[in-house]
Amino acid sequence: MRRLGTEGWAGLAMLAVTVCVASPALFGVAETSIPRPAWAGVFVLFGAGLLCGAVAASRLRFAGYAIGVAAAWALVVTAEMGLVLILLIVTAAFSVYVVPLWCGLLVVALNTGAVAITYVHQDQAPFELGMTVGFYLLIQLATLFSTTTLVGEQRLRAQLAAAHVELQAASVLLSESARTAERLRISRELHDLIGHQLTALTLQLETARHVDGTTARQHIDNADTVARELLRDVRTTVDRLRTPAPDLEEALNRIGDGIPGLIVTVDVADGVRVSEHVSMALVRATQEVVTNTVRHADAKEIWVEIASDDRFTTFHARDDGLGAADPTPGNGLRGLTERFEELGGTLEVDGSCGFRVTARVPHP
């Protein structure tokens, strides 16, 4: 079973509030101006509209929310109790999850009109009517803007977490790039230094072959000196190359460190040995998966596992988030697929239970 997202839980919480508010009218404690079964039917329509606005696809969400707002007006106008006006406050707050702010403000204005119609029918004095309508207008605005601020903070935290993941991945790749540059520099030194010395050694030995006596001995001594210098330079260069190989598990753990509300567990099996290009692909895969989880999955935990057999190195990532019945890869996943295909591998996604990414790269 897939977990609900933030909007889904908000919809359920608000729906629970509305049930409590409507209970007096539903159970006959408060009077309604239309038959009670009809009022209850409108309330069910209101709840279904909010729930649809919470969990449905984009167009259906708008339609569901619009139905919920219209049903709330009908409930308020036909119920003879002030408590039911809280339904309008609920619709104003929930607008933040479904429509832009200007639409939310329009809903508040229309809701305020429904409040005015309700109290006009009760023959209130103009001053009392103005105070009541103004009170509910201010409550709706306060709820709308506070919910907008809360949702904005949640989105900013998600963006900050995604930026953090990208920064950590860039740091890992930069470290690998620095090691690559150092290896390239050392290879050039080997070519320039050792190549020159080997040439000198060859010339000394070749000359010794064509002369006799003391002269030949001198060339042999020179060749011995060059060989000793060559051995010393080779040892020095090898010592420079003996830097610890990057720990893949440690590098991938760095990508998921410090993300609020998300636990990233990385498990690299013993015996996994990958080339520099495969290592970079695995870093990018982890970055993309964690970023997508932060932005879209509303997950609490993500697991990244890397294993190796006789033929393939396998990358498998899964989260406990929303998933997607028919996942459509974005630019990030498409680019990741191309990266693994360049290495002769494959990448597959599955959103049936959380979100899963599986990639395989053949051994060289």
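The table below gives the values:
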item	result
Only listed residue being of a type in the set (V, I, T), closer than 26 Å to V133 by Cα and modelled with pLDDT of 85 or more, chosen from V29, V84, V19, V42	V42
Single condition A285 does not satisfy, out of (1) of a type outside the set (S, T, Y); (2) on the phi > 0 side of the Ramachandran plot; (3) surrounded by 21 or more Cβ atoms within 10 Å (Cβ to Cβ)	(2)
Residues within the range 87-111 that are buried (at least 18 other Cβ atoms within 10 Å of the Cβ) and part of a helix (DSSP H, G or I), tallied	15
Hits in the range 84-108 - residues which are β-branched (V, I, T) and either over 15 Å from T149 (Cβ atoms) or without any contact (Cβ under 8 Å) to a residue 40 or more places away in the chain (or both)	V84, I86, I89, V90, T91, V98, V99, V107, V108
Near pairs, Cβ below 9 angstrom, 6+ apart or cross-chain, from the range 245-269 (under 18 Å from A162 (Cβ atoms) and β-branched (V, I, T)) to any residue that is part of a loop (DSSP other than H, G, I, E, B) and open to solvent by 60 Å² or more (accessible area, probe 1.4 Å)	I263/K300; V264/D257
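The values are calculated or read from the model by the stated rules, or taken from the named source; none is laboratory data. For clarity, every value in this text was computed on a predicted model and none was experimentally measured. For neighbour counting, all protein chains shown are included, and Cβ atoms are generated from backbone atoms with ideal geometry for every residue, glycine included. Note: accessible area is taken over every heavy atom of the protein model, side chains too, but ligands, DNA and RNA are not part of it. Shrake-Rupley method; radii C 1.70, N 1.55, O 1.52, S 1.80 Å.
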